[in-house]
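Every read-out reported here was derived from the displayed coordinates using simple, explicitly stated rules and does not represent laboratory data. From a predicted model like this one, the values you see are computed outputs, not experimental measurements. With ideal geometry, Cβ positions are generated from the backbone for all residues, glycine too; neighbour counts draw on all protein chains shown.
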Amino acid sequence: MGILINENTRVAVQGITGREASKVTREMLDYGTKVVAGVTPGKGGQEVHGVPVYDSLSQALEAHPAINAVLTYVPPLAVKDAVMEALHYNIPFINIITERVPMLDAAQIHAYARLRRTRIVGPTSVGVIHPQARVKLGPIGGVNVDRVYQPGPVGVISKSGGMTTETSWIIRQAGFGISTAMGIGGDFIKGGNFVDLVPMFFNDPQTEAIVIFGEPGGGDEEALAEYVMQHGLQKPIIAFISGRFVDHMPQGVQFGHAGAVVERGMGSPAVKMAALRKAGVLVAEVQHEVGALLQEVLA
Amino acid sequence: MRLYEFEGKQLLEKAGVPIPKGFYVTYSAMGAVGADPELERIFDELGGREVAVKAQVLAGKRGKAGGIHFADSPEALQQVVEAMVGSELLGETVTGVLIEEKASFEEEYYMSLTYDTVARQPVLAISREGGVDVETFAREHPDKLVLRRFGPIVGLMPWVARDAAAEAGFRGRELRQIAAIAVKLWRVLVDNDARLVEINPLVRTADGLLLALDAAILLDGDARVRHPETNFPPRQATGRPLTERELIAQAIDEGDYRGVAGKYVELDGDIGMLTSGGGGSITLMDAVAAFGGRPANYTEYGGNPPAEKVYRLTKVVATKPGLHGLLIAGGIANNTRVDVTFEGIARALEEIRPEYPIVIRRAGPGEEEGLRLMRELAQRLGLDMEVYGADLPMTESARIIVEKAAAYRQKVEGK
């Protein structure tokens, strides 16, 4: 079984008629994902690659009651509305691909998701993939998915979308496959933090080791270190934290993602690496060392 | 986006937070020969008493760096302003000053609202000890800084603010005043989509009023489109003016929303970085540094930009004087077309014909065509270029360029 997605996953894509969403829908269908419906207000009745489009999620659910995952691909300022709609209907998993969602909206989405006990990954997620069941949400893996993503024992959680696939590729070159891989986005406030997701990988029978890709800013990595100190390192975790050079840059310079802003000395890569090491996590100095570390722990 | 103090105070005032009376004076208003009647008028309007002149810079800890002066006559005011405007402070050129009535106060407090990214909730911070370096203070006396998180859907209720004020040690009338200002700060945060609103110090004057003496506001860049009414001019956050190359790069993305290729920060190393993707670019910067190299710039192109944009970025990156190597690298792209972007890079390199070594590592849609294009170019022009696809781990490419750049540096410097 995958984390958050599996062979029973039935997806509705919000904003399916958009250029990127439509392209990614094609990729998902080609890979094997069951995309059963799309939602774009005002475009009900159309089809995108054979997937029926509805004006609202309620109409989509009426026609396809099996929908149990929503992929949010609407413009940034429409994300809050779209996700609140999905939360209203108790969709158990929502994956937000859209970037540049305002922080207030992200905080409100998270607060309401907690009330509704729904899992969210994103905003700024590159998607989630579970190769064993050939199901993926979002652009993760692009057009040549199978080169990188083969079934196996390693879970991947990455703040960077592009580096989700690069990390999985390093794992593949080290001789291992992927249980579930996901890009959680680098935003300061997001639905799925390391500390929300790592326990799911601990409980997943397929996963034997977890690789995380962290970034400067925020306190996600520090919170994970604290969680592991309290609950134990139930499976080996290997981490790479990018952005150490940012420590030598003037404060407030924005590099990469919104979350990668080092404000007020908090969330620096050096602090994160030290906290994770103290908790027993193996921390790679250079990204491709993740492969050798993995060979050590899974030997 | 960080706001200058005078801009932040405008937002506070709009929400009903009391601020000292003051005037912002820009560089363009200066340059008068002899006595400046404008400054005389300002001095009179502020009561004809001692005034504070505050340099408007984005960096913190301005007071300690000499950015605040006082003047007790129009002549002294003019002297101070003339000395301050155009001067360098904390790496920034002071283009304007805020002239304010000098407030006499009895107490200095601290108040801020921001987001706790671990709790994923807004958080109110209140302390009776303001006017200090709050980071250090919070570390040394965590008990004296009250933090209160609250739900972002309901917002900051007055009772929560009162609870926090009481816990911080406020009593009586002041407790209610502090709570009222906290609730107004929440309006500032929500109504302007700010990520941080900080008043340090919030002072109590002799007649018992609370006054925001300073304002630090960080706006959420992702929400600017829903605030057309507050159209603050763009600014650079590096703490220095943009370089010529950075200005040229910035123009690349103007008027063309297909992908991003205009992010460029000039650094003082000798390895040019033409890297793609936010995470990949940062990881490659780290790797170059870890292997002992020094990047000449930071950049990240991505989101599938057209060839023309990447061509222009390559011209900026690869023509910087003093380069000893160029790294063209990125992860396995999910979306960005390698053939299209490399077409732009190849066209620029054909014009530049660099003598320094080049290392390429890239994969993704159109990779075969893209890499073939580069190999052909290298052969045709006799470039010192190594071209790798996915088989080479991305960060290994950093090791190779660092080694090749070191060898090339030795060669050219040995001459």
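Anything over 19 Å Cα to Cα? Flag those among B:K315/B:K404; A:K34/A:K136; B:K144/B:K184; B:K9/B:K54; B:K61/B:K184; A:K43/A:K136, in the order listed. The answer is B:K315/B:K404; B:K144/B:K184; B:K61/B:K184; A:K43/A:K136. Relative contact order for region B:40-120: 34 percent, from Cα pairs under 8 Å spaced at least 6 residues apart, divided by residue count. Here the gap between B:A166 and B:L147, fully extended at 0.36 nm per residue and compared with their Cα-Cα distance, gives a gain of 5.6 nm.
For the pair B:R375 and A:E47, a Förster radius of 41 Å applied to the C-beta separation gives a FRET efficiency near 0.45, rounded to the nearest 0.05.
Antiparallel beta bridges, as assigned by DSSP with both residues in the protein assembly as shown, represent about 50 percent of the total such bridges.
Placing +1 on the Cβ of every Lys and Arg and -1 on the Cβ of every Asp and Glu, with nothing else charged, gives region B:201-352 a dipole about its Cα centre of roughly 40 debye.
Shown is the FRET efficiency for B:A119 and A:H231, computed with R0 = 22 Å from the Cβ-Cβ distance and rounded to the nearest 0.05: 0.75. With a Förster radius of 45 Å applied to the beta-carbon distance between A:N6 and B:V132, the computed FRET efficiency rounds to 0.25. Bridgeable aspartates and glutamates around A:K159 (alpha carbons under 13 Å apart, same-chain partners fewer than 8 residues away excluded): A:E99, A:D187, A:E215, A:D220, A:E221. Near A:V148, once Lys and Arg are set to +1 and Asp and Glu to -1 for all other residues with Cβ below 10 Å from its Cβ, the sum equals 0. Between B:E106 and B:V190, residue separation times 0.36 nm minus the direct Cα-Cα distance comes to 27.2 nm. Summing Lys and Arg as +1 and Asp and Glu as -1 over all other residues whose Cβ lies under 12 Å from the Cβ of A:I237 gives a net charge of 0. Would you please classify the overall shape of region A:38-157 from the alpha carbon gyration tensor, given that a ≥ b ≥ c denote the square roots of the eigenvalues, rounded means a/c under 1.5, and beyond that prolate means a/b larger than b/c while oblate covers the rest? The shape class here is oblate.
Counts of other chain beta carbons within 10 angstrom of each beta carbon in peptide B:116-126 average 5.
The modelled label-to-label distance for the pair A:Y89/A:R277, using points 7 Å beyond Cα in the direction of Cβ, is 4.9 nm.
Dividing the mean sequence gap of close Cα pairs (under 8 Å, 6+ apart) by how many residues region A:1-56 holds gives a relative contact order of 31 percent.
Remark on B:M385: its backbone amide H falls under 5 Å from those of B:I358, a criterion applied only to residues 5 or more positions apart or on other chains, H modelled at 1.01 Å from N. Legend: mean number of C-beta atoms from other chains within 10 angstrom of residue C-beta atoms, peptide B:222-229, equals 4. Compared with the dominant principal axis of the Cα atoms in chain B, helix B:158-167 is inclined by about 80°.
Once you keep just the Cα pairs under 8 angstrom separated by 6 or more residues, what percentage relative contact order results for region B:77-141? Dividing the mean separation by the residue count of region B:77-141 yields 21 percent. Considering only A:T118, A:T167, A:T33, the Gaussian network model of chain A with Cα springs below 10 Å gives its largest mean-square fluctuation to A:T118. Give a residue-ordered list of calculated ³J(HN,Hα) values for region A:136-151 (Karplus: 6.51 cos²θ - 1.76 cosθ + 1.60, θ = phi - 60°; whole Hz; x for Gly, Pro). In residue order, the calculated couplings are 9, 10, x, x, 3, x, x, 8, 10, 5, 5, 4, 9, 9, 10, x Hz.
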